[in-house]
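Asks: Take this structure, written in C-alpha cells, and hold onto it; I'll ask about it next.
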Amino acid sequence: SSHIGKKRTTPCHRSAWHATDPVAMKLSSTVVSAFALFRLAGAAANEPGPVTRVVDLLQALKTRIASDETAEQAKYDKFACWCEDTTAKKAADIVSARAELKSLGSRILELKGLVATRVAEIKQLASDIKENEEAQKLQTTIRTKENAAYVAERTELEQAINALERAITVLKAGTGGTASLRQKSADLEKWSVALSALRSSIGKLQPRSKPEAKHVAMLSKLGAGYTPQSATVQGILSDMYDSFSQTLQQMTAEEATKHRNYEDLMATYQKELATLKETIVKKEEEKVEAETNLADSEVQYADIEKQLAADVEYFDTTKASCVAKTDEWSERKRLRAEEVAGIDKALEILTSDEAKELFAKAITPGVGAASFLQLAQLGETPVAQAQRTLKAHAKMAQSLRLAALAAQLGSTGHFDEVIKVIDEMIVQLNAENKRDQEKADTCKDNYQKLDSAVADLDWKIKKNDAEMQKLQDIIDEKEAEKAEVAKQIGEVGEQITSMNEKRTEENTEYTQAKTDDEKAIALLEEAKSALEEFYAKNGIEVGPLGNLLQKGVRRADPEIAYENEPPETKFSDKGHRKVETKGAISAIANIIEDLKSELSETKQGEEQAQLDFEKQLAAAEALKKELEDREVNLEGALASRRSDLQDETDKKTANEEDLATKEQTRTDIKPGCDFFINNLDERQRKRGLEMDGLKQAKEYLAGYRPPSMLQSKRKALEAHTVSLEHITFSHVA
C-alpha cells in the first residue's frame, strides 16, 4: 500500500490517509443556542454571572473534545497498524506468487517446446520407419522378381544342357562302330528326337545364354543323315555344353552374390528400423512425461493465478478501505481543530476585559428574560403546549414513553418532577444513541475482521492442501527409495553370510587337513626314530639317506654244500640289514618332507584365502554400512517429512476449525448486527424526534414556572450539552 503523510511515533509506523467525510457543523449552532439560553436564563434568574457559566461550559466542552480525540486517535492507531501489517503481508504474498508464476510460466513454455519438439521428432521417426519398411518391401519385391527370373532362366538352361547331353550321347553312340549310321535305324531315330529337343531348348534360352550364331546355324543345317564331319559336330556340341555349363555357373554365382547383397541390405534396414523403433519409444515416453509435467504445471499455474487474483483483490479492497478511513480521520481531525479554534476564539472574546465590562453594562438582572418566557403564555397555556408537543412527537416517533409522559403531564401539576423526568429521558436517549452507534461500529469492525480472517484462512487451507500433496509425493518417493535400499541391504547381508559360511567351511577343511598331516608327520617321525634307535644304540653308521627303495640288495652266491660237513653257523653282523633299513628310513623322511611341504603350501593358500576373504568381507561390509547409513538418512528424511506432513495437517485442521469458528461467529452475530446497522439511522431519527419533543415541552414548562424556578435551567442546559460528547469517528451524534 502507498503511505502518504507523516509517520507516527507509535511502535506501528503508518501514514496518514486522505479522504473526505463531511461532519455536520451543528456544534457551532449548539454552542450559540446554549449561549443564548444561558444568557436568557441568567437574566431571568437575576443572577450576576451568566457569561461566566457560558465560559465554564465552553471550557468543559473543550476538555471533552480533547478526550474524544485521544480515544479516537487510539482507535485509528490500531486500525492503521492493522492496515500496515495486512497490506505488507499481502504484498509479500503477491510478490511471491508473481515470482512463482514467472518461474512456472518459463517451465510451461519449456515443457510446451519440449512436447512440440518430441511431436515433431516422433512424426519424423514415424515417417522414417514407414520409409524404411517401404524400402524393405521394395527391395524384397525386386529380389523376388530377380530370383524368379533366375530360376526360370536356370531351368531353361538346365533343360538345354540336358538336351545337349542326350544329343552328344546319341552322337557318340552312332560314331563309335564301323557301320554307318544309316544302317542303324534305331540310332537315327534317337538322333532325330535328340536334335529336335535340342533345337527347342535352345530356342527358349535367354539372349545371354544362347550359343554362338555359327553353332545355331550348324544346328539348323543338321539333318537325319550324317556326313563324314560328324566328329566335328560332336566337338561343336561339346563346346556348347561347356559354354552352357559355364553360363550356368556364372548365373548361380551372380544369384548368390545378389542374394548375399540383399541379405546385407536387409540386415542394415532391420538394424536401422530397430534403432528407429527404440528411439520413437523413448521419444514417446519423454513426450508423455513432458505432457504430464506440463499438465501439472498448468494446473499449479492456474491455482496460483486464482490465488493471486484473490490476493490482489483483497489487497486493493483493504488498501481502499484504509485510504478512505485515513482520509476520514484526517478530515475529522481538521474539523475538530476548527471546532476547538472556534471555542478558543469564543473564550478569548468572552473573557476579555472589554467583554466583561460590556456584559456588566448590557445584561441587567431580571430585565428581558421574564418577558421572553411569558410569550408562550399568550393564547394556549404552556402545559397544553407541552402536552400537545409531546403527543405529536410521540406519534411521529412511535414512542410509548413520550405518550406516557404526555399523559402524566395532563394529570399532575408538579412540573419540577416532569422536567426532571424530561432531563433524565434526554440523558437516556443520548446514551441509547451512543450505545447504538458503538454497537453498529463494533459490528462493522467485526464484520471486516471476520471477512478478512475467512479469506485469509481459505487461502491458508489451499496452501495447506498443496503443501500436503507435495510432502506426500516426496514421502512416497523416499519410501520407494528406502524399500530398494532395504532390498539391497538384504542382498548384501545374504552375500556376507554366504561368504562367512564358505570361509568357515574352507577353514574347517584346512584345519582338518592340517591336523591330519601333523598327526601323520608325528607318526612317521615316531616310526623313523624307532628304526634309527637300534643303529644309534649299537654304533652302526647307516650313512647318508637316499632313495634306496628301487635298488635291490645283492645276495651272496650260494656255496656248494658238501656232504658230511657241519651246517652253516655263521651269523650276519649287526649291520647286515642296514641298507634295507636305510631305504625305509629314507622313504619315511621323504614322506615327512612331502607332508611338511604340503603343510607349508596349504598354509600359504589358507593365509591368502583369508586375506582375500577379509578384503571381500570389508568391501561388502563397507557397502552394507553405506546402504545402512543411507537407509538411516532416508528414515530421518522420511521422519522429517512425515513430521512436516503432520504439522501441515495439524495446521490445516486448526485453520479449518478456526474458519468454522469464524463463520459460526459471523452467523451468530449477523441477526443482531444487521438489525443495528440497518436500523441505526431510523432509530436515531426517532430518538431525535423524541428529544425535540422533550426539549420543546421542557421549554414550555420552564416558561410557565415563576422566575425563581429558572435556577434549574442550568441543569437542563448541562443535560442538553451531553449531546456534545457523542462524537464518533465518522459523525457527531
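Asks: Kindly check whether there is at least one residue in the range 632-645 that is more than 30 Å from I461 (Cα to Cα) and either modelled with pLDDT of 85 or more or of a type outside the set (A, V, I, L, M) (or both).
Replies: Among the residues of the range 632-645, at least one is more than 30 Å from I461 (Cα to Cα) and either modelled with pLDDT of 85 or more or of a type outside the set (A, V, I, L, M) (or both), which makes the answer yes.
Asks: Now a separate question. So, in the range 478-535, how many residues would count as being open to solvent by less than 80 Å² (accessible area, probe 1.4 Å), out of contact with any helix residue (DSSP H, G or I) (no Cβ under 8 Å at 6 or more places or on another chain) and either farther than 30 Å from A619 by Cα or in contact (Cβ under 8 Å) with a residue 24 or more places away in the chain (or both)?
Replies: Total satisfying the criteria: 5.
Asks: Taking the range 417-451, which residues are open to solvent by 90 Å² or more (accessible area, probe 1.4 Å) and either over 60 Å from the mean Cα position of the chain (by Cα) or at positive phi (or both)?
Replies: Hits for the range 417-451 are E417, K420, E424.
Asks: Is there any pair linking a residue in the range 273-292 that is without any contact (Cβ under 8 Å) to a residue 12 or more places away in the chain to one that is open to solvent by less than 50 Å² (accessible area, probe 1.4 Å) and assigned to a helix (DSSP H, G or I), with Cβ under 6 Å and at least six apart or on different chains, and which?
Replies: none
Asks: Something else now. On the given criteria, is L109 part of a helix (DSSP H, G or I) and surrounded by fewer than 17 Cβ atoms within 10 Å (Cβ to Cβ)?
Replies: yes
Asks: State the number of residues belonging to the range 273-288 that are open to solvent by 90 Å² or more (accessible area, probe 1.4 Å) and touching a helix residue (DSSP H, G or I) at 6+ places or on another chain (Cβ under 9 Å).
Replies: Residues in the range 273-288 being open to solvent by 90 Å² or more (accessible area, probe 1.4 Å) and touching a helix residue (DSSP H, G or I) at 6+ places or on another chain (Cβ under 9 Å): 1 in total.
Asks: Tell me which residues, restricted to the range 343-360, are assigned to a helix (DSSP H, G or I) and either at pLDDT below 70 or open to solvent by less than 40 Å² (accessible area, probe 1.4 Å) (or both).
Replies: Of everything in the range 343-360, those that are assigned to a helix (DSSP H, G or I) and either at pLDDT below 70 or open to solvent by less than 40 Å² (accessible area, probe 1.4 Å) (or both) turn out to be I343, A346, L347, L350, A355, F359.
Asks: Any chance you could count how many residues in the range 123-173 are surrounded by 15 or more Cβ atoms within 10 Å (Cβ to Cβ), among the acidic types (D, E) and modelled with pLDDT of 90 or more?
Replies: Result for the range 123-173: 1.
Asks: Moving on. Kindly list the number of the only condition in (1) surrounded by 13 or more Cβ atoms within 10 Å (Cβ to Cβ); (2) charged (D, E, K, R); (3) within 19 Å of K319 (Cα to Cα) that fails for D85.
Replies: So D85 meets the others, but not (1).
The values are calculated or read from the model by the stated rules, or taken from the named source; none is laboratory data. Computed from a prediction, not measured in an experiment: that's the story for all the values here. With ideal geometry, Cβ positions are generated from the backbone for all residues, glycine too; neighbour counts draw on all protein chains shown. For accessibility, only protein heavy atoms count, side chains too; no ligands or nucleic acids. Shrake-Rupley method; radii C 1.70, N 1.55, O 1.52, S 1.80 Å.
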